[in-house]
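Trainee: What follows is a structure written as C-alpha cells; I'll ask about it next.
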Amino acid sequence: MEILVTGLLLGGTYALIALGLTLQYGVARMMNLSTGETLVAGCFAAWLLFTVAGINPIFGLLVVAPLGFVLNGMIYLGLLRPLVNRAKNAGMLEVDSILATFGLLFLFEGVMQLAFGGSFFNYQFLAVPFQLLGSSYAMNRIVAFAAAAVIAGLLCLFLYRTRFGTAVRAVAVDPQAARLVGINVNLVAAFAFALGGAITACGGALLSTFYTFTATMGAVFTMKALIIVIMGGVGDVRGAVVAALILGIMETLVASLIDPGLTLAATYGLFIAVLLFRPQGIFGGKAG
Amino acid sequence: MKRSEIQGLGLAAVLLAAAALLPFLTEGFYLTLALNLAIYVALCTAWTLFSGPTHLVSLATAAFFGVGTYAVAIGIDFLPFPLLILCGGLAGALFATVIGAATLRLSGVYFVIFTLGLAELTRQIIAYLQTKVFGSMGLFVMTDHTEGDLFLYLVGLIGLIFATGWLIGRSRLGFALRVIGNDELVARHFGIKVARTKIILFAVSGAFIGMAGAILAPRYAYIEPQAAFNPTMSFMVVIMALLGGTRRLWGPLVGVVPFTLLSDFVSANFPDHINIVIGLAFLGIVYLLPDGVTGALEKLMQRRGGSTPTGDVR
C-alpha cells in the first residue's frame, strides 16, 4: 500500500512532464527530445528561487511557467519552424526534428553542467511527515502531487471547455482539416509547443521539491516522458495521465522490491509490452 | 561491373593494404590515434549500412558494441580470440534481430526512442546480474594482443564491412532497401517485405558493431558495464556518419577523421565542454549540412567521385 501511494505521488509529477510532451508532439508534431532539459531547467529555476530569493516553489511556478513558455516558444519559432518549412515530407521532418532536438539536449545539458557542475542538488521544502491511511509520507510529495493535479485540471479545462482549446485539439486530430475550418494551425502549433514547455518546466519545479537532481539527468527524463506519451497514445491527455501513474507505481515497485538499479529496465519492460501489444496507446484510437 | 566500380574496388584494396602496414611503421601515439580512427570508421560504416538507406536513426551502437565486448569477456578462457570475434558478431546480430523484430514494424520514432535508452538498459541489466547473481562487478580479458594486432583486426573488419556493403548494394536486398528508403508505401505495393528487409539489415549492421566491440575487448583489459556500454559512443557515431554523409558507403569516413580529432582535443583540454560540442555538432549538421560533407560537395561539383577521400583510411 505504501508503495502504491508513493508510486502514485511520483506518477503525478510524471504526468505533468508527459502532458507537456504530448502537447508538443501531438499538436505541434515535434518530437522534442530535449524535453528532459526543460524539466531540469525547471528544477534549477525552482532551486534558485528558493535558495536565493526564498520563494516558495509553489509560488515559484508563477515565474517558472512563463519562463518555460517563452523559452520553448522561442525554440519552436527560431529553430524548429524553419525545419517544418523546409521539409519535403513527414519523414524528413521527423529525422530533422529528432536530430535538432538531440542537439538541443546536449547543448542545454552542457550549458547547465558548466553553470551548476555535475553534483547533486536538493533543498528542504516541507520535509515533514504527513499521515495518510496509517502510514506517513513526506509532505512535499503530497503538495507536489496536489499542485500537479491542479495544473493538469486547468489544462483539461482549457482544452475541453474553451474555444481555443478546442482548436488545439482539432489540430492534434488533423492539421489539414483544422486549416479548412479556419484554424490558424501555425499559431496553434507554436502555442501548443510553448505551453507544453511551460507545463514540463512546472513538472520540473515540482519534482525538485522532493527529488535530488543533477544537471545531467535530462536524458533519462526524456526517455520516461517519451515512454509515457507513447503508452498513453500520442496527443491523448487522458492516456498520458493514466500511463504516468502506471509508470510511477511500476518504478516504485521495482525499486523497493527488487533493486533500485533496475528502474529503467522496468520502464523498458513496460515500453516493450506496449509496443508489442498496444502500439496505439492504452485507450486505442488512432495509430501513432 | 562498370569501369569506375573496378577502379573503386582497386583503390579500396590499396588503401586497406596501406592501412595494414601502419602497425609495422609506427607505434605509440600515432598508432593509438589510428586505432581510435579505425574504431569509428568501422562503427560508422556499419551504422550507415542500416541507417543510411532507411533514414532510421539508430542509437543502439553502444549496446551492440558492449554485447560484443562481453561475448569476449565471458568466453576468453575457453575459446581462441578470432573465434570470439565471431561470437561477438553473432551476439550483436542476435540482439539486433530481437530489437528489430520488436520495433521495426512500427513507425520510425518508436525505433529511435527505443534505441535511445537501449545501451543504458543493457548496462543496468548486466550490472544487476553481475553484482546480484555472479557476485563480481567486472571481468578480466588478459591477452597478449598489442594495439598493432587489434588495429590489424579492425582493418580486416573494415574491409569486410565495405565488401558486405558493396555486395548488398548490388543485390536484391539493397535494391529493396533503396525503394523502402524512398517510399515505404511504394515498396509495400511492390511486394517487398518491408519489416523483414529492415530487420535483416539491422542484424547485419549489429553483427559488425558487435565484432568491433569484441575486437576492442583486449584493449580495455578489465571489462565492466560502465565502460562497455558508453551511450556517448552511439551519439558520436551518428554525428560522424551524418557529418560525412550517408549517401555513399564511404561517406562516413569524411566525418570520422575531423570529428575524432576534434572530440579527442576537446575531451583532453576542455572535458566540461564535450556535451556542448556534441550539441552544436548536431545542430550544425541539421541546419548547415543536411546531406553531410560529401552530399554538399557532390551538390557543389555535380560530378561523381570528385571528392573521394583518399588517404582518410590511413
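The values are calculated or read from the model by the stated rules, or taken from the named source; none is laboratory data. All values derive from a computational prediction rather than experimental measurement. Heads up, the Cβs are rebuilt from the backbone with ideal geometry, glycines too, and the neighbour counts pull from every protein chain shown.
Trainee: For segment A:226-239, which positions are part of a helix (DSSP H, G or I), over 14 Å from A:LEU10 (Cα atoms) and hydrophobic (A, V, I, L, M, F, W, C)?
Mentor: Start the filter on segment A:226-239 by keeping residues that are part of a helix (DSSP H, G or I), which leaves A:226-232, A:237-239.
Cutting the leftovers down to over 14 Å from A:LEU10 (Cα atoms) gives us A:226-227, A:229-232, A:237-239.
Residues satisfying the conditions are A:LEU226, A:ILE227, A:VAL229, A:ILE230, A:MET231, A:VAL237.
Trainee: Could you pull out the residue among B:VAL57, B:VAL109 that is within 14 Å of chain A (Cβ to nearest Cβ), under 20 Å from B:GLY181 (Cα atoms), among the β-branched types (Val, Ile, Thr) and touching an Asp or Glu at 6+ places or on another chain (Cβ under 8 Å)? Lay out the reasoning, then the answer.
Mentor: Details: B:VAL57 fails: touching an Asp or Glu at 6+ places or on another chain (Cβ under 8 Å).
Of the residues listed, the single one that is within 14 Å of chain A (Cβ to nearest Cβ), under 20 Å from B:GLY181 (Cα atoms), among the β-branched types (Val, Ile, Thr) and touching an Asp or Glu at 6+ places or on another chain (Cβ under 8 Å) is B:VAL109.
Trainee: Any idea which of A:THR200, A:THR252, A:THR214 is surrounded by fewer than 22 Cβ atoms within 10 Å (Cβ to Cβ), of a type in the set (Val, Ile, Thr) and either modelled with pLDDT of 80 or more or closer than 19 Å to A:ALA152 by Cα (or both)?
Mentor: Values: A:THR200 fails: surrounded by fewer than 22 Cβ atoms within 10 Å (Cβ to Cβ); A:THR252 fails: surrounded by fewer than 22 Cβ atoms within 10 Å (Cβ to Cβ).
Unique residue meeting the criteria: A:THR214.
Trainee: Looking only at helices (runs of 4 or more DSSP H) that fall completely inside segment B:224-308, which ones have 3 or more residues that are within 13 Å of chain A (Cβ to nearest Cβ) and either buried (at least 17 other Cβ atoms within 10 Å of the Cβ) or β-branched (Val, Ile, Thr) (or both)?
Mentor: On the way: elements: B:225-228, B:231-244, B:251-269, B:274-287, B:292-301.
Per the criteria, B:231-244, B:274-287.
Trainee: Additional query: So B:ARG219 ticks every box in (1) more than 21 Å from B:PHE140 (Cα to Cα); (2) surrounded by fewer than 23 Cβ atoms within 10 Å (Cβ to Cβ) but one. Which box is left unticked?
Mentor: (1)
Trainee: Does segment A:85-108 include one or more residues that are of a type in the set (Val, Ile, Thr) and more than 11 Å from every other protein chain (Cβ to nearest Cβ)? Please lay out each step first, then the result.
Mentor: Residues of segment A:85-108 that are of a type in the set (Val, Ile, Thr), as a first pass: A:95, A:98, A:101.
Filter again for more than 11 Å from every other protein chain (Cβ to nearest Cβ), leaving none.
Taking every residue of segment A:85-108 in turn, none turns out to be of a type in the set (Val, Ile, Thr) and more than 11 Å from every other protein chain (Cβ to nearest Cβ).
Trainee: Hey, A:ASN186 hits all of (1) in contact with a Gly (Cβ under 8 Å, 6 or more places away or on another chain); (2) part of a helix (DSSP H, G or I); (3) not aliphatic (A, V, I, L, M) but one; which does it fall short on?
Mentor: (1)
Trainee: For the condition farther than 28 Å from A:ARG169 by Cβ and touching a Pro at 6+ places or on another chain (Cβ under 6 Å), what is the one hit in A:PHE44, A:PHE102, A:PHE59, A:PHE50? I'd like the intermediate steps shown before the answer.
Mentor: On the way: A:PHE44 fails: touching a Pro at 6+ places or on another chain (Cβ under 6 Å); A:PHE102 fails: touching a Pro at 6+ places or on another chain (Cβ under 6 Å); A:PHE59 fails: touching a Pro at 6+ places or on another chain (Cβ under 6 Å).
None of the other options fit; the residue is A:PHE50.
Trainee: Give me the residue from segment A:83-115 that is charged (D, E, K, R) and without any contact (Cβ under 8 Å) to a residue 40 or more places away in the chain and, out of that set, farthest from A:THR214 (Cα to Cα).
Mentor: To start, the set of residues in segment A:83-115 that are charged (D, E, K, R) comprises A:86, A:88, A:94, A:96, A:109.
From what's left, without any contact (Cβ under 8 Å) to a residue 40 or more places away in the chain: A:86, A:88, A:96.
Working: A:ARG86: 36, A:LYS88: 39, A:ASP96: 28 Å.
It comes out as A:LYS88.
Trainee: Taking helices (runs of 4 or more DSSP H) that fall entirely within segment B:119-191, which contain at least 3 residues that are more than 14 Å from chain A (Cβ to nearest Cβ) and surrounded by 14 or more Cβ atoms within 10 Å (Cβ to Cβ)?
Mentor: B:147-170, B:172-182
Trainee: In this structure, is B:LEU31 under 25 Å from B:ALA228 (Cβ atoms), surrounded by fewer than 24 Cβ atoms within 10 Å (Cβ to Cβ) and over 14 Å from the mean Cα position of the chain (by Cα)?
Mentor: Numbers: under 25 Å from B:ALA228 (Cβ atoms): yes; surrounded by fewer than 24 Cβ atoms within 10 Å (Cβ to Cβ): yes; over 14 Å from the mean Cα position of the chain (by Cα): yes.
For B:LEU31, the condition - under 25 Å from B:ALA228 (Cβ atoms), surrounded by fewer than 24 Cβ atoms within 10 Å (Cβ to Cβ) and over 14 Å from the mean Cα position of the chain (by Cα) - is met.
Trainee: Could you list, in sequence order, all residues of segment A:71-99 that are crowded, with 16+ Cβ neighbours inside 10 Å and of a type in the set (Lys, Arg)?
Mentor: From segment A:71-99, those crowded, with 16+ Cβ neighbours inside 10 Å are A:71-73, A:75-76, A:79-81, A:83-84, A:91, A:93-99; that's our starting set.
Within segment A:71-99, just A:ARG81 meets the criteria.
Trainee: Follow-up. When you scan segment A:102-116, do you find a residue that is over 19 Å from A:MET217 (Cβ atoms) and under 18 Å from the mean Cα position of the chain (by Cα), even just one? Give the derivation first.
Mentor: At the first step, the residues of segment A:102-116 found to be over 19 Å from A:MET217 (Cβ atoms) are none.
No, because not a single residue in segment A:102-116 is over 19 Å from A:MET217 (Cβ atoms) and under 18 Å from the mean Cα position of the chain (by Cα).
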